[in-house]
Structures are given as C-alpha cells and as structure tokens.
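Chemist: This is the structure I want to talk about, given as structure tokens.
The values are calculated or read from the model by the stated rules, or taken from the named source; none is laboratory data. Everything quoted here is computed from the prediction, not taken from an experiment. Every residue, glycine as well, gets a Cβ built from its backbone with ideal geometry; the counts of neighbours run over all protein chains shown.
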Amino acid sequence: MSIFSFLFGNNSVQDKPIKVLSPEEFKAQIQDKDVQLIDVRTPAEFEAGHIEGAKNIDFFSGKFNVEFDKLDKEKPVYIYCKSGNRSRQTANKLAERGFKDIYDLEGGILNYK
C-alpha cells in the first residue's frame, strides 16, 4: 500500500466493478442478450411484475449467498430491486465475492418503466 493510498484512501470509481446505469443504458445493455439478470426483490414483488428474463434471488432470503455463488463471476451481472437500495447493497456484496462486472439499475424498477 502506498503512502498516498494510506493517507487518502483508494476509493477510485475505476477500482470498483460496480457501474450504476440509467434505465435507458440498462435496457440497452440487456436487450436481446443472454445476460445474468437478477431481481433481488421478494418473490411477491417479482410475481407482481419483473423485467423479462430476470431470475429472482430474494435479498432477504437465507439462500442469497448460495444462489449468487451459482452464477459466473466472470460474466457481467445486471441487478435491480424496487428503488435501488437492495440492489446497491447486493452490488457491494457481489464485489466482495469477486464478481468482475456488476451493473445496477439506477432507481430500481420504479424508474425503469
């Protein structure tokens, strides 16, 4: 660790694998592609409406880590929730678990439509 990093921290945006995308960017990147698209809302929220092709992994589930460990850490993962809070927390957890490219929908599905 350099003295600069020690004194000022090393929280450069480029160092994080997390990218927050606008609804337009998110939609463009997942459209017509085979991506790991994850909805981290509850099953009831998911059933009430979700983005086509999304897999539901409930943020509050006790199986959250087990389900994410089944995904490919080398492939981009696109995540969203209702408003962006759970997906932001999920993105941070995934970064800690070694995922390389994490895309978070800004403002959640409420902002998507």
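Chemist: Being under 22 Å from Glu24 (Cβ atoms) and either without any contact (Cβ under 8 Å) to a residue 24 or more places away in the chain or not basic (Lys, Arg) (or both) is the filter here, so list the residues in the range 55-87 that pass it.
Modeler: Once the filter is applied, which keeps residues that are under 22 Å from Glu24 (Cβ atoms) and either without any contact (Cβ under 8 Å) to a residue 24 or more places away in the chain or not basic (Lys, Arg) (or both), the range 55-87 yields Pro76, Val77, Tyr78, Ile79, Tyr80, Cys81, Ser83, Gly84, Asn85, Ser87.
Chemist: Collect the residues in the range 89-104 that are within 11 Å of Lys16 (Cβ to Cβ) and among the β-branched types (Val, Ile, Thr), keeping them in residue-number order.
Modeler: Hit for the range 89-104 is Ile102, nothing else.
Chemist: Another question, then. As an exercise: evaluate Val35 against (1) surrounded by 15 or more Cβ atoms within 10 Å (Cβ to Cβ); (2) among the aliphatic types (A, V, I, L, M); (3) at pLDDT 95 or above and give the number of the one condition it does not meet.
Modeler: Val35 satisfies every listed condition except (3).
Chemist: I would also like to ask the following. Looking at Glu52, Glu47, can you tell me which residue is surrounded by fewer than 15 Cβ atoms within 10 Å (Cβ to Cβ), without any contact (Cβ under 8 Å) to a residue 24 or more places away in the chain and under 19 Å from Glu24 (Cβ atoms)?
Modeler: Working: Glu47 fails: under 19 Å from Glu24 (Cβ atoms).
Being surrounded by fewer than 15 Cβ atoms within 10 Å (Cβ to Cβ), without any contact (Cβ under 8 Å) to a residue 24 or more places away in the chain and under 19 Å from Glu24 (Cβ atoms) holds for just one of Glu52, Glu47, which is Glu52.
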